[in-house]
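Right, one structure below, let's go through it.
The values are calculated or read from the model by the stated rules, or taken from the named source; none is laboratory data. Everything quoted here is computed from the prediction, not taken from an experiment. Cβ placement follows ideal geometry from the backbone for every residue including glycine, while neighbour counts extend to all protein chains displayed.
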Amino acid sequence: MSYNDLLEQIGLTKNESKVYNCLINFKIVGAGKIINELKMHRNIVYGCLEKLVEKGLISYIYEGKIKKFRAESPKVLVEIAKKNLEINKEKLKIAEDLEKQIGDNLSGNSGLQEAFLYRGIAGVKSVMNLHLKEKVEYFVLGSPEKSVEIMPPGFWEGFNLKLKQEKISVKMILNSSLTEWANNIKSSSNEIRFLPNKFDSITQINVGKSFVSIFVWTETPIVTVIYDENLVLAYKKYFDFIWNLSKK
């Protein structure tokens, strides 16, 4: 099925739409396969892949030396549409419908043992949307001050409001530098504790139902998402251990 026209209507370029649509159909694939399928110049395809990664619409993984790409949940399309002042209510409805249609198409993307890399602010948003999709309690270990500084103002407050609306609970162990800021997100849907002052880094670990995500909060943040049942269990035990040692 092709979503090209609809994708163009809500802000993607013609070539970006073709590449994204191709990835929806192929699930996980290398750039060479996309180039052959679309009969597009390799520079154009690689440029589109780079832009789609920046927009949080695709992630990638290395299999040996081969970089392979995967289409992500199009929830960010709705955010793109909302930010585009030229988009009317009709086109916003198109974006919301696409989110459901494409999301259903991608529902079988995750396997038992896979790892994907996300980059930039849009990539972080895509990873956090995975928790909304799972709709179960998750756990955060070591969230640093950089995580607040790098994301747009109000993002975490808005995200925690979504968690409350979806009745998703979360346990968070934050770095002590966020003690005062944590008052902004405290709610009935979360429990918050803090690491001692001497523990402060730019990394963060989230533990979901089926995946572990490792955030590196540099200027352009990078998140590695690993789908592995054994890893989830191991990090959940690690989280519980630190939780019992951390301060309320």
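Kindly provide the set of residues from region 159-192 that are charged (D, E, K, R) and closer than 26 Å to E229 by Cβ, ordered by number.
E166, K167, K171, E191
When the residues of region 131-145 are narrowed to those that are of a type in the set (A, V, I, L, M, F, W, C) and over 23 Å from N175 (Cα atoms), which ends up surrounded by the most Cβ atoms within 10 Å (Cβ to Cβ)?
Only one residue tops the list, namely L132.
For region 211-220, what are the residues that are modelled with pLDDT under 95 and surrounded by 14 or more Cβ atoms within 10 Å (Cβ to Cβ)?
Selection gives nothing.
So, in region 31-60, exactly how many residues are under 24 Å from T220 (Cα atoms) and not hydrophobic (A, V, I, L, M, F, W, C)?
10
Of all residues in region 98-119, count the ones that are out of contact with any Phe, Trp or Tyr (no Cβ under 8 Å at 6 or more places or on another chain), over 29 Å from T218 (Cα atoms) and either in a helix (DSSP H, G or I) or modelled with pLDDT of 75 or more (or both).
Count: 5.
Yes/no per residue for (1) touching a residue at least 12 places away in the same chain (Cβ under 8 Å); (2) surrounded by fewer than 17 Cβ atoms within 10 Å (Cβ to Cβ); (3) at positive phi; (4) not assigned by TED's automatic domain parsing to the domain that holds K27:
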position	(1), (2), (3), (4)
P153	no, yes, no, yes
W156	yes, no, no, yes
S169	yes, yes, no, yes
N197	yes, yes, no, yes
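Scanning for something assigned to a helix (DSSP H, G or I), surrounded by 14 or more Cβ atoms within 10 Å (Cβ to Cβ) and in contact (Cβ under 8 Å) with a residue 40 or more places away in the chain, does region 178-190 turn up at least one residue?
Among the residues of region 178-190, not one is assigned to a helix (DSSP H, G or I), surrounded by 14 or more Cβ atoms within 10 Å (Cβ to Cβ) and in contact (Cβ under 8 Å) with a residue 40 or more places away in the chain, which makes the answer no.
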